[in-house]
1. Considering only segment 216-243, how many residues are under 26 Å from E346 (Cβ atoms) and part of a loop (DSSP other than H, G, I, E, B)?
2. Among the numbered criteria (1) acidic (D, E); (2) closer than 17 Å to S370 by Cβ; (3) surrounded by fewer than 19 Cβ atoms within 10 Å (Cβ to Cβ), which single criterion is violated by E343?
3. Starting from segment 204-215, keep only residues that are under 14 Å from C234 (Cα atoms) and in contact (Cβ under 8 Å) with a residue 60 or more places away in the chain, then list their pairs with residues that are in a loop (DSSP other than H, G, I, E, B) and of a type in the set (A, V, I, L, M, F, W, C) whose Cβ atoms are within a distance under 6 Å, requiring at least 6 positions of separation or different chains.
4. Considering only segment 308-328, state which residues are touching a Phe, Trp or Tyr at 6+ places or on another chain (Cβ under 8 Å) and open to solvent by 20 Å² or more (accessible area, probe 1.4 Å).
5. Could you check segment 20-59 for strands (runs of 3 or more DSSP E) lying wholly inside it with 1 or more residues that are modelled with pLDDT of 95 or more, open to solvent by 20 Å² or more (accessible area, probe 1.4 Å) and of a type in the set (D, E)?
6. If we only count helices (runs of 4 or more DSSP H) wholly inside segment 372-439, which ones have 1 or more residues that are at pLDDT 95 or above and over 17 Å from the mean Cα position of the chain (by Cα)?
7. How many residues are in a helix (DSSP H, G or I), touching a Lys or Arg at 6+ places or on another chain (Cβ under 8 Å) and among the polar types (S, T, N, Q) if we restrict to segment 303-361?
8. Assigned to a strand (DSSP E or B) and either touching a strand residue (DSSP E or B) at 6+ places or on another chain (Cβ under 9 Å) or in contact (Cβ under 8 Å) with a residue 40 or more places away in the chain (or both): does that describe K193?
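The values are calculated or read from the model by the stated rules, or taken from the named source; none is laboratory data. Computed from a prediction, not measured in an experiment: that's the story for all the values here. All Cβ positions, glycine included, derive from the backbone under ideal geometry; neighbour counts span all protein chains shown. We work out accessible area using only protein heavy atoms, side chains counted, and drop any ligands, DNA or RNA first. Shrake-Rupley method; radii C 1.70, N 1.55, O 1.52, S 1.80 Å.
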Amino acid sequence: EIHIKEPIEKEVNPRLLPGELLLCEASTVYKYMQEDGSNRGTYGKLVCTNFKISFLDDDSASDDNEPQFKNKIVGENDITLQCVDQIYGVYDEKKKLLTGQLRKYPEKLIIYCKDLRVFNFCLRYTKEEEVKRIVSGIVHHSQTPKLLKRLFLFSYASAAPNNTDGRNQTVMFETLEDWRDELERTKGNVKYKAVTTNEGYRVSEKLPLYFVVPICISEESILKYEGRGIPIWCWSCPSGAALLKMSAFPKEQDDSTSQTQKAFLDGIYKTISKPPYELLKIDDLSSSLPSLQDIQTAYTRFKQLFLIDNSTDFWATDVKWFSLLESTNWLEIIRRVLKKAIEVAECLEIQHTNVLLIEESATDLCCVISSLVQVMMDSYSRTKSGFQSLIQKEWVIGGHGFLDRCNHLHKSEKEEAPVFLLLLNCVWQLVQQYPPAFEFTETYLTVLSDSLYVPIFSTFFFNSQHQRDTNMSGESLNTQSGPFRFRTVWDWSVQFDPKAQAFLNNPFYAEKPKPDRSQRKTARFKHQRQLSLPLTQAKPSTKRGFFREETDHLIKNILGKRIGKFINSSDEPPNSLREFYDSWHSKPVDYHGLLLPRVDGPEIKVWAQRYLRWIPEAQLYGGGTIATAAKILDLMEEVQSLQVKMDEEHSQAVSRGVHSVTILRNSARLSSLFPFALLQRQSVKPALPTSTWKDLEDEDDLVKRDDEFVDLSGDMS
């Protein structure tokens, strides 16, 4: 049965941003809504600009159905060119990857996005000439290599009025003063100094203009090897120990060069290692953490679990959910990274030892670990402005190659790796384990991950401060000369109005330390698709559950091989580290002190909001953490009104942020993946395809009943 919304009669034109140009379009395109496996959909116009691919139907013209959480730049039917992951054409029911020049044009177009949306467009009713233009246009502009200056970033910067400051208390670390203030804030200015040696980028184009080094290091030392072999300061903890990073020398060198470099390093190490007063631990991340290639491979496998074409595909993968999730290795990489951060925190906090992180360029895994350690140890980094300042310091100014790692220019897939996404996934683990410790929400992290692909902000579109600075000058499109005025992603008013920005702020943020163990336990909701890998089984189930065959094998595997990874395996951490971990977890949490993530077994979870938000089958209607939040907000408002009666002044502190999310009132109508899946139609589970049942012959009674939830959490005390 095909449900068709009639083709629109009124002309719908795309809303273009300053500098945005319409490149090609096609009318009478049919967009499927594949959630329920039917051919339900709507007719509209498909357009491609120098910024985005957009589908326009009659709903696009009205503002009646606008969601509460609306992005002003990218609508729900918009895909920025940088957000396109892969494009497939369907020819006679067969899918084929589309790249470069096309000889034959498909009857159906499937676009997979980096934010995990999937768009299905039928082109059977579109004129042949328009099909050729729109398909070749979309493939060309989103999949072929391009020059940096061809990014929409430059068109927008030259055409858009820049009338907002956009800093929002975020420290940008572009001036010497910013670095000196940070040294003073962390009490690091006794042993470390901000240097101007790289002004004019005379040391290295990879280093920022200003950075911080140990006070004894001379300018000659910094210049000698273009900044390699120099410990660069990241952060100092209250105990006086510091976290540093260093760009390593190439490993394949001739003997004389190696000896010279070794002697140089020995001299450098003596400036930060002065036993017994000052100790140093050196950690080479290239040998103690997965390689960038491993991270890319794991994430590529992992994201395939969520790029679902239709309901049938979802339920087919659901049968093997645990083994598929396990085989990606993505959660295991997150676990390893968090364990490494705990290890570094223990050195700084307990052993009062300086930690020097080493990596080839010190701009990938060094950024991940140094950022995580600061989020765990410095409560300022858990505020919104503090976290944004941290990203500026360690990633943007620190020289992480966003352009290459995100492959924005489609130059080389070899350089691509989701390093920044890995950090956000790790921070999300902390946010969901200790919500009151963070001023921002998981929605903030999700939106930040989406902003990686929005080329109107310069934040995530350069490899270094040098690259950004050298590309700021140039002729603008309006023929007036002068530097481009790039926007920063931290100006959230560009993407969201104040009502939508309220979703980025956590109303439950503990402004003063409130150690309360009851707040650490989060409710576990029964759900067909568990978001973490199981650890133990509480009692043997009398019934044979939907996941039973999969989990029996998996539990044996886990019990035999992996539970002990943090407890008693061959790569077991030293006893002092385990004692540090156990001792911290046995005490009440100080939300403004040190935070250690729980890393055993199923404590490492899938970031549901980011990865499942476009899949209706994965939503809980009137359930999930959003329902809990709504109830707590009701209670908070009641307490607040009583407080107002008692003390007018004190009520101002209590009421902060509570009124901002009144939409949560009617929580029964909200989805667990709110605010991205607000009031979407619930999907009905279809019968699985015959081929799947053949694989499950011993589960033939399943077809006669609904899925059964198997509680695999066990007694995880």
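1. Within segment 216-243, the subset under 26 Å from E346 (Cβ atoms) is 230-243.
If we keep only those that are part of a loop (DSSP other than H, G, I, E, B) as well, we get 230-231, 237-241.
The number of residues fulfilling the criteria is 7.
2. (3)
3. Filtered contacts from segment 204-215: P208/I397.
4. Within segment 308-328, just I308 meets the criteria.
5. Working: elements: 22-32, 41-49, 52-56.
Answer list for segment 20-59: 22-32.
6. 384-391
7. Residues in segment 303-361 being in a helix (DSSP H, G or I), touching a Lys or Arg at 6+ places or on another chain (Cβ under 8 Å) and among the polar types (S, T, N, Q): 3 in total.
8. Details: assigned to a strand (DSSP E or B): yes; either touching a strand residue (DSSP E or B) at 6+ places or on another chain (Cβ under 9 Å) or in contact (Cβ under 8 Å) with a residue 40 or more places away in the chain (or both): yes.
The answer is yes for K193.
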